[in-house]
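The values are calculated or read from the model by the stated rules, or taken from the named source; none is laboratory data. Model, not experiment: these values are computed from the prediction. Using ideal geometry, Cβ is built from the backbone for each residue, glycine included, and neighbour counts are taken over all protein chains shown.
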């Protein structure tokens with residue numbers, strides 16, 4: 001949808017008057033002018049490169065709602081604080097909002113007061129939300145972290161593949177895709193998904209002249225002392241210390257506090273209010289240190305982060321660039337140092353190995369799903385438990401079947417809704433004409449009454465009253481938005497119909513197993529690229545730029561360019577399985593546990609990698625669980641297979 005010509009005639013004036021910026025950052029004006037001309041675009045800007053302005057400014061100009069899809073609650077919160085301070089009508093819908101806040105958002109959407117709304121990609125699995133979307137005038141769809149759409153990217157999320165289809169189904173145009181970490185191949189995937197022409201792909205490059213990159217090889221046991229030496233030798237300033245695991249973040253924060261530093265932990269295992277407290281304290285401090293997993297920093301616009309330390313190796317160069325990109329957004333010198341230990345590789349690899357399903361699991365799941373008839377629905381949770389495949393991997397497998405045309409998605413739905421009337425039922429009904437009031441009475445009569453909640457089986461109610469399911473859901477959604485009901489959904493299921501069913505499922509299953517194995521290999525290769533970067537003898541900055549398809553000479557300011565020579569990484573400290581492990585393995589097999597029936601399941605168990613089956617069987621407390629957690633998975637799998 002094109003902007004009103006009067007409103008968009010001078011975006012340079014608007015960016016000064018509305019946002020207080022004297023000029024555009026590189027690439028911003030090129031993206032914004034394309035969006036205002038009704039053209040879809042892809043913005044590839046470095047972390048801190050000003051991607052958010054590319055949809056915030058159009059939201060002030062376009063006639064309708066700008067819908068922003070983002071997986072980052074921290075980004076939503078930080079940007080809403082910024083927009084609120086400027087009096088701009090924007091909001092978010094996420095799980096942290098209470099009922100009153102949610103009702104207010106829907107009320108503002110219904111009245112047209114909101115110009116910009118942030119939601120997560122998972123929100124698009126909510127059939128009530130999709131029902132509401134049909135009533136909104138959406139002028140722009142902005143998709144943040146758009147690299148998640150690429151099957152072969154470093155952070156593929158199946159929910160992202162649905163976004164392009166929903167945009168087409170709802171006739172939403174233009175679309176703005178945004179990312180800070182797209183290799184040339186991933187950029188092509190994004191552009192193809194959203195029909196973005198090559199001339200509308202704006203890539204400003206990843207180079208940041210104020211970031212001083214350094215890598216210091218270190219034995220695992222020596223890293224704490226190395227970190228303390230760096231902190232004491234350098235001027236105080238806000239810093240982030242990235243670790244891999246949640247417990248390590250807590251331990252690191254406590255360690256730094258014991259040595260006199262103002263430090264807090266941040267990870268996904270914390271309550272949202274505690275994470276918000278850490279974020280707010282960090283934003284206000286000029287010397288606080290946050291010991292964090294990758295959950296921290298996404299979307300947080302603190303300009304003066306002086307140091308980013310990678311205490312543990314990042315999982316990929318894409319992740320590394322995102323994380324160091326949070327430093328020095330004020331364009332002042334900032335140091336980004338990695339303490340490289342090969343011992344970290346085992347933990348990083350296990351994340352990937354834990355996601356790869358067994359061949360038996362893929363076989364059973366595919367045959368189950370495709371044996372349900374022409375039209376069917378499934379519960380991801382149930383399939384996960386039945387076939388010992390992590391839920392995110394079940395979603396990925398179903399997505400692969402969709403991509404291959406074997407099945408076609410008909411949309412998510414819930415089997416049940418629980419609702420609480422917030423006023424007397426008759427008071428609700430009398431606001432409607434006689435026909436609609438009687439329709440609502442029929443719905444309420446179908447609900448099972450409990451002490452507090454009324455529970456409705458939607459399909460059963462639809463059949464009983466002779467009305468389409470969609471009308472029943474739309475009625476509950478409307479009453480929720482009006483504040484008449486508190487509604488909770490349960491029993492999420494995904495609907496499908498069979499497309500091109502192969503005569504023989506064998507080759508299809510083999511191709512799916514191979515696809516997951518390929519993803520696993522790519523994940524392992526990404527970790528190996530991090531190790532190669534850590535041992536790069538030449539310019540560290542140029543090494544990164546080359547990976548992202550950008551040709552550049554030596555930077556002149558990284559540790560290598562300043563004379564620090566590359567050093568070999570210390571030898572890893574893991575042990576290989578021995579005779580005592582053979583006895584443990586034999587005992588495990590003798591126990592005959594179904595959750596440990598295949599070599600991969602056994603290897604995951606010994607490496608301390610949880611799966612749906614081991615969780616359901618409560619095996620994480622078993623004496624042998626995690627016995628070989630410091631041993632590379634491939635070595636454990638070989639040991640299990642050979643013995």
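Against the conditions (1) over 21 Å from residue 547 (Cα atoms); (2) within 28 Å of the chain's Cα centre (by Cα); (3) surrounded by fewer than 16 Cβ atoms within 10 Å (Cβ to Cβ), where does residue 185 fall short? Just the number, please.
Result: residue 185 fails condition (1) only.
Got a sec? Which of 227, 178 is crowded, with 21+ Cβ neighbours inside 10 Å, in the same structural domain as residue 333 (by TED's automatic domain parsing) and within 30 Å of residue 547 (Cβ to Cβ)? Quick ask: steps written out before the conclusion?
On the way: 178 fails: in the same structural domain as residue 333 (by TED's automatic domain parsing).
Matching residue, one of 227, 178: 227.
Kindly evaluate residue 499 against the criterion of being touching a residue at least 24 places away in the same chain (Cβ under 8 Å) and either closer than 30 Å to residue 439 by Cα or surrounded by 15 or more Cβ atoms within 10 Å (Cβ to Cβ) (or both). Even if it seems obvious, please write down each step before you answer.
Details: touching a residue at least 24 places away in the same chain (Cβ under 8 Å): yes; either closer than 30 Å to residue 439 by Cα or surrounded by 15 or more Cβ atoms within 10 Å (Cβ to Cβ) (or both): no.
Spelling it out, it is not the case that residue 499 is touching a residue at least 24 places away in the same chain (Cβ under 8 Å) and either closer than 30 Å to residue 439 by Cα or surrounded by 15 or more Cβ atoms within 10 Å (Cβ to Cβ) (or both).
Of the conditions (1) part of a helix (DSSP H, G or I); (2) free of Cβ contacts under 8 Å to residues at least 60 places away in the same chain; (3) over 22 Å from residue 464 (Cα atoms), residue 442 fails just one. Which one is it?
(3)
If only one of 526, 542 is outside any loop (DSSP other than H, G, I, E, B), more than 30 Å from residue 369 (Cα to Cα), assigned by TED's automatic domain parsing to the domain that holds residue 321 and at pLDDT below 95, which one is it? Quick ask: steps written out before the conclusion?
Values: 542 fails: at pLDDT below 95.
Answer to the check: 526.
Just to be sure before I move on: is residue 199 surrounded by fewer than 17 Cβ atoms within 10 Å (Cβ to Cβ), assigned to a loop (DSSP other than H, G, I, E, B), at pLDDT 90 or above and outside the structural domain of residue 542 (by TED's automatic domain parsing) in the structure I sent? Give the derivation first.
Numbers: surrounded by fewer than 17 Cβ atoms within 10 Å (Cβ to Cβ): yes; assigned to a loop (DSSP other than H, G, I, E, B): no; at pLDDT 90 or above: yes; outside the structural domain of residue 542 (by TED's automatic domain parsing): yes.
Considered against the rule, which asks whether it is surrounded by fewer than 17 Cβ atoms within 10 Å (Cβ to Cβ), assigned to a loop (DSSP other than H, G, I, E, B), at pLDDT 90 or above and outside the structural domain of residue 542 (by TED's automatic domain parsing), residue 199 comes out as no.
Within 26 Å of residue 50 (Cβ to Cβ), surrounded by fewer than 18 Cβ atoms within 10 Å (Cβ to Cβ), touching a strand residue (DSSP E or B) at 6+ places or on another chain (Cβ under 8 Å) and touching a residue at least 12 places away in the same chain (Cβ under 8 Å): is that true of residue 294 in this structure?
Values: within 26 Å of residue 50 (Cβ to Cβ): yes; surrounded by fewer than 18 Cβ atoms within 10 Å (Cβ to Cβ): yes; touching a strand residue (DSSP E or B) at 6+ places or on another chain (Cβ under 8 Å): yes; touching a residue at least 12 places away in the same chain (Cβ under 8 Å): yes.
For residue 294, the condition - within 26 Å of residue 50 (Cβ to Cβ), surrounded by fewer than 18 Cβ atoms within 10 Å (Cβ to Cβ), touching a strand residue (DSSP E or B) at 6+ places or on another chain (Cβ under 8 Å) and touching a residue at least 12 places away in the same chain (Cβ under 8 Å) - is met.
Limited to the stretch 575-593, what total is found for residues that are more than 35 Å from the chain's Cα centre (by Cα), surrounded by 14 or more Cβ atoms within 10 Å (Cβ to Cβ) and not in a helix (DSSP H, G or I)?
1
Which of the residues belonging to the stretch 50-87 are over 17 Å from residue 174 (Cα atoms) and surrounded by fewer than 18 Cβ atoms within 10 Å (Cβ to Cβ)?
Passing the criteria: 80, 81, 82, 84, 85, 86, 87.
Condition check ((1) in contact with a helix residue (DSSP H, G or I) (Cβ under 6 Å, 6 or more places away or on another chain); (2) modelled with pLDDT of 95 or more; (3) surrounded by fewer than 20 Cβ atoms within 10 Å (Cβ to Cβ)) across all residues:
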position	(1), (2), (3)
572	no, no, yes
595	yes, no, yes
606	yes, yes, no
610	no, no, yes
613	yes, no, no
634	no, no, yes
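So which of 269, 277 is more than 30 Å from residue 532 (Cβ to Cβ), free of Cβ contacts under 8 Å to residues at least 40 places away in the same chain and under 16 Å from the mean Cα position of the chain (by Cα)? Steps first, answer last, please.
On the way: 277 fails: under 16 Å from the mean Cα position of the chain (by Cα).
Within the list 269, 277, the selection yields 269.
Which is part of a loop (DSSP other than H, G, I, E, B), in contact with a helix residue (DSSP H, G or I) (Cβ under 7 Å, 6 or more places away or on another chain) and under 12 Å from residue 177 (Cα atoms), of 51, 39? I'd like the intermediate steps shown before the answer.
Numbers: 51 fails: in contact with a helix residue (DSSP H, G or I) (Cβ under 7 Å, 6 or more places away or on another chain).
39 is the lone residue from the list that is part of a loop (DSSP other than H, G, I, E, B), in contact with a helix residue (DSSP H, G or I) (Cβ under 7 Å, 6 or more places away or on another chain) and under 12 Å from residue 177 (Cα atoms).
Report the residue count in the stretch 545-565 for those that are over 14 Å from residue 337 (Cβ atoms) and either in a loop (DSSP other than H, G, I, E, B) or at pLDDT 95 or above (or both).
If we filter the stretch 545-565 for residues that are over 14 Å from residue 337 (Cβ atoms), which is where we start, we get 545-556, 561, 563, 565.
Checking the rest, the ones that are also either in a loop (DSSP other than H, G, I, E, B) or at pLDDT 95 or above (or both) come to 548-556, 561, 563, 565.
Adding up the residues that qualify gives 12.
Across the stretch 87-96, what is the number of residues that are at pLDDT below 80 and more than 20 Å from residue 143 (Cα to Cα)? Steps first, please.
Just the residues of the stretch 87-96 that are at pLDDT below 80, to begin with: 95-96.
Adding the requirement that they be more than 20 Å from residue 143 (Cα to Cα) leaves 96.
Number satisfying all stated conditions: 1.
Could you run through the stretch 553-591 and say how many residues are closer than 30 Å to residue 640 by Cα and touching a strand residue (DSSP E or B) at 6+ places or on another chain (Cβ under 9 Å)?
The first filter runs over the stretch 553-591 and keeps only residues closer than 30 Å to residue 640 by Cα, leaving 569-591.
Within this subset, residues satisfying the condition of being touching a strand residue (DSSP E or B) at 6+ places or on another chain (Cβ under 9 Å) are 569-570.
The qualifying residues number 2.
Please work out if residue 631 is under 30 Å from the mean Cα position of the chain (by Cα) and assigned to a helix (DSSP H, G or I). Full working, then the answer.
Details: under 30 Å from the mean Cα position of the chain (by Cα): yes; assigned to a helix (DSSP H, G or I): no.
No.
Name the pairs: first residue in the stretch 108-136 and in the same structural domain as residue 487 (by TED's automatic domain parsing), second residue surrounded by fewer than 19 Cβ atoms within 10 Å (Cβ to Cβ) and modelled with pLDDT of 85 or more, Cβ to Cβ under 8 Å, at least 6 apart or on different chains?
none
Could you check residue 494 against (1) crowded, with 17+ Cβ neighbours inside 10 Å; (2) in contact with a helix residue (DSSP H, G or I) (Cβ under 7 Å, 6 or more places away or on another chain); (3) under 23 Å from residue 352 (Cβ atoms) and say which number it fails?
(3)
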